[in-house]
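Working notes for the structure below.
The values are calculated or read from the model by the stated rules, or taken from the named source; none is laboratory data. This structure is a prediction, so every number in the text was calculated from the model and none was measured. We place every Cβ from the backbone using ideal geometry, glycine too, and count neighbours over all the protein chains shown. When the accessible area is computed, the model is the full protein with side chains, heavy atoms only, and any ligands, DNA or RNA have been set aside. Shrake-Rupley method; radii C 1.70, N 1.55, O 1.52, S 1.80 Å.
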Amino acid sequence: MALTFETHPEIPDALRAALVDIWTDATNAGGAIGFVAPVEREAVEARAFGKFTVGKDLLLVGSEAGEPAAFLVVEDHQFSLMDHARILKTVVVHPKHQGKRYGQDLLREAERVARTLDGVEMLHLTCRGGLGLEHFYTKCGYTEVGRIPRLIRVAADDYRDEIHMALSL
């Protein structure tokens, strides 16, 4: 089954609750989305979408049979020297939908949406090293443009690189 996509310039409360559930489930299934498993829903809820700016950012949600299955945020830098670029944040696919190519579909739709935004020429994102995520993003057309070694600490003795990826539109 294919995803249907919707963009939201703001996040309705009912949708937010569903996305927090997906985010929590994905993290606890091993996803690298700003938390380390195990994480309680309340911890995700407290930080979820905290930097989302109504009128600047866009939420992109992919649904299967009317239920959210994947989402990401297309974030505006709110800095005039970067008006031509958007950063993708919180790229999440629910674990029960892994293996269906929904992650690729989500990124392809983000690219399509970005092309409709006035003057946007580039998308970029960061991902956590040590999980092979950069290979997934490379398959989706992104290029690794840099990394900061050991920037992310997931445990007292476990540091990961932050990998920067970009896609020219």
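Computed with a 1.4 Å probe on the full set of protein chains, the accessible area for Glu134 sits at about 30 Å². Phi angles across the stretch 10-17 convert, under the Karplus curve 6.51 cos²θ - 1.76 cosθ + 1.60 with θ = phi - 60°, into 3J(HN,Hα) values of 9, 10, x, 4, 5, 5, 4, 4 Hz, Gly and Pro given as x. Each Lys and Arg adds +1 at its Cβ and each Asp and Glu adds -1 at its Cβ; summed about the Cα centre, the stretch 25-169 shows a dipole of about 220 debye. Suppose R0 equals 22 Å. What FRET efficiency, 1/(1 + (r/R0)^6) with r the Cβ-Cβ distance, do Ala29 and Thr138 give to the nearest 0.05? For Ala29 and Thr138, the calculated efficiency is 0.50. What the phi angles of the stretch 19-35 give under the Karplus curve with 6.51, -1.76 and 1.60, with θ = phi - 60°, is a coupling list of 5, 4, 4, 4, 4, 5, 4, 5, 4, 5, 8, x, x, 9, 10, x, 9 Hz, glycine and proline written as x.
Taken over the alpha carbons of the stretch 36-117 as equal point scatterers, the Debye sum produces base-10 log I(q)/I(0) values at 0.23 Å⁻¹ of -1.20. In the chain, the sites counted are trypsin sites (Lys or Arg not before Pro) in DSSP loop states with at most 14 other Cβ atoms within 10 Å, and the longest stretch holding none of them, exclusive of the sites, is 102-169. Of the chymotrypsin sites (Phe, Trp or Tyr not before Pro) found in the stretch 73-142, those that fall in a DSSP loop while having at most 11 other beta-carbon atoms within 10 Å are Phe79.
Across the chain, the convex hull enclosing all Cα atoms gives 118 Å³ per residue. Note on the stretch 20-72: the C-alpha convex hull projects to 4.1 nm² when averaged across all orientations. In this structure His84 has an accessible area near 70 Å², from a 1.4 Å probe over the protein heavy atoms. Every Cα-Cα pair in the stretch 90-169 was counted, and those over 22 Å apart are 32% of them.
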